[in-house]
Amino acid sequence: MTEREPQTKTQTTHPKHFSYPDRYPVDVGTSWIEVDRQKYQPPYFVSKQVLENPVWADFEDHKKVKRNIFLSYEGLIQADFFGRPLNPRGPTGIEGRGVLGGWGANFAADPIVTRINSQGFLELIVIKRKDCGMWALPGGMVDKGERVTATLRRELGEEASAYLDFEKASLIYQGYVDDPRNTDNAWMETDAYHLHLTNEEASGVLLKENDDAKEAKWMTCNSDAINNLYANHPYLVRQTIKLFEKSQNQTVISDGRVVDNKA
């Protein structure tokens with residue numbers, strides 16, 4: 001069972017998606033039990049792109065959706081007055097689906113690919129997102145019936161032009177994602193896997209931006225770069241480094257250099 005990630009990016013004291021209306025004020029950590037339903041009046045928002053009902057989006061009428069919209073790594077999901085799934089981490093200040101296609105959990109996969117460069121620094125494949133311009137892990141939605149390892153390979157290829165085998169990758173995190181796109185009725189959940197490449201394996205990786213990415217590059221895993229990644233990606237990278245240090249008996253210091261632990 002992976003460690004439960006704290007929520008910080010969906011309430012009003014933190015950044016929201018650029019296309020969203022202002023969130024109704026909600027204190028970080030508020031649960032649904034604590035909400036006064038008569039006073040709580042968040043705006044309802046679904047993007048035009050989602051309302052056009054592309055193949056990847058649910059119907060706006062949640063009752064017409066054939067899949068189980070209450071499936072979640074978080075366990076039992078409550079329903080609101082209208083029968084829509086409620087965010088398991090509490091109110092976010094916005095109802096509806098926002099820019100997310102699915103009611104309830106929207107399942108994604110995040111490939112975390114690292115190498116140690118010739119100077120001894122730990123590096124990570126990142127892309128610059130087209131929607132907000134922030135550096136982020138590659139990743140995307142798991143298609144219906146698709147294995148997560150296939151999603152990881154596909155998304156890394158579609159965004160960074162690198163095609164790798166994730167069958168032996170290590171699970172880093174599985175669950176709710178603290179994401180600025182989350183709403184009261186739709187939220188992100190992910191499977192994040194780590195793949196560390198040898199020097200020989202990494203030499204064959206030629207990164208090039210593709211699909212939803214403006215740029216793709218190897219990023220040195222220093223503290224500042226990690227802290228400025230998109231959404232919950234700083235958390236995922238820090239968890240990756242912890243497990244990497246334990247498995248390799250090495251330490252990654254704040255500037256990204258990898259040093260061997262004393263025997």
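Checking the structure you have, find out if any residue of segment 207-219 is part of a helix (DSSP H, G or I) and either within 19 Å of the chain's Cα centre (by Cα) or of a type in the set (Gly, Ala, Ser) (or both).
no
Would you call Ala57 part of a loop (DSSP other than H, G, I, E, B) and touching a residue at least 24 places away in the same chain (Cβ under 8 Å)?
So Ala57 fits the description; yes.
To keep it simple, each residue is scored yes or no on (1) modelled with pLDDT under 95; (2) more than 27 Å from Gln250 (Cα to Cα); (3) of a type outside the set (Val, Ile, Thr).
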residue	(1), (2), (3)
Leu122	no, no, yes
Gly133	yes, yes, yes
Pro138	no, no, yes
Val142	no, yes, no
Glu159	no, yes, yes
Glu167	no, no, yes
Tyr176	no, yes, yes
Ala186	no, yes, yes
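For segment 135-146, which residues satisfy the criterion of being outside any strand (DSSP E or B) and under 13 Å from the mean Cα position of the chain (by Cα)?
Listed by number, the residues that qualify are Leu137, Pro138, Gly139, Val142.
Looking at Thr149, is it within 30 Å of Phe70 (Cβ to Cβ) and in contact (Cβ under 8 Å) with a residue 24 or more places away in the chain?
yes
Residues Thr220, Thr198, Thr183: which one is buried (at least 22 other Cβ atoms within 10 Å of the Cβ), among the polar types (S, T, N, Q) and either touching a residue at least 60 places away in the same chain (Cβ under 8 Å) or closer than 13 Å to Val113 by Cα (or both)?
Exactly one of Thr220, Thr198, Thr183 is buried (at least 22 other Cβ atoms within 10 Å of the Cβ), among the polar types (S, T, N, Q) and either touching a residue at least 60 places away in the same chain (Cβ under 8 Å) or closer than 13 Å to Val113 by Cα (or both), namely Thr183.
Whether any residue in segment 135-150 is farther than 26 Å from Asp224 by Cα, hydroxyl-bearing (Ser, Thr, Tyr), touching a strand residue (DSSP E or B) at 6+ places or on another chain (Cβ under 9 Å) and surrounded by 21 or more Cβ atoms within 10 Å (Cβ to Cβ) is what I want to check.
So far as segment 135-150 goes, no, none of its residues is farther than 26 Å from Asp224 by Cα, hydroxyl-bearing (Ser, Thr, Tyr), touching a strand residue (DSSP E or B) at 6+ places or on another chain (Cβ under 9 Å) and surrounded by 21 or more Cβ atoms within 10 Å (Cβ to Cβ).
Would you please name the residue that is nearest to Arg23 (Cα to Cα), looking only at residues in segment 45-54 that are touching a residue at least 12 places away in the same chain (Cβ under 8 Å) and more than 20 Å from the chain's Cα centre (by Cα)?
Phe45
Going by the structure shown, is Tyr235 surrounded by 18 or more Cβ atoms within 10 Å (Cβ to Cβ), in a strand (DSSP E or B), touching a residue at least 12 places away in the same chain (Cβ under 8 Å) and touching an Asp or Glu at 6+ places or on another chain (Cβ under 6 Å)?
no
Go over the candidates Lys63, Lys39 one by one and state the one that is at pLDDT 95 or above, basic (Lys, Arg) and exposed (fewer than 14 other Cβ atoms within 10 Å of the Cβ).
Checking each option against the conditions leaves just Lys63.
The values are calculated or read from the model by the stated rules, or taken from the named source; none is laboratory data. No experiment lies behind these values; they were computed from the predicted model shown. Quick reminder, even Gly has a Cβ in these numbers, built from the backbone with ideal geometry, and neighbours come from all protein chains shown.
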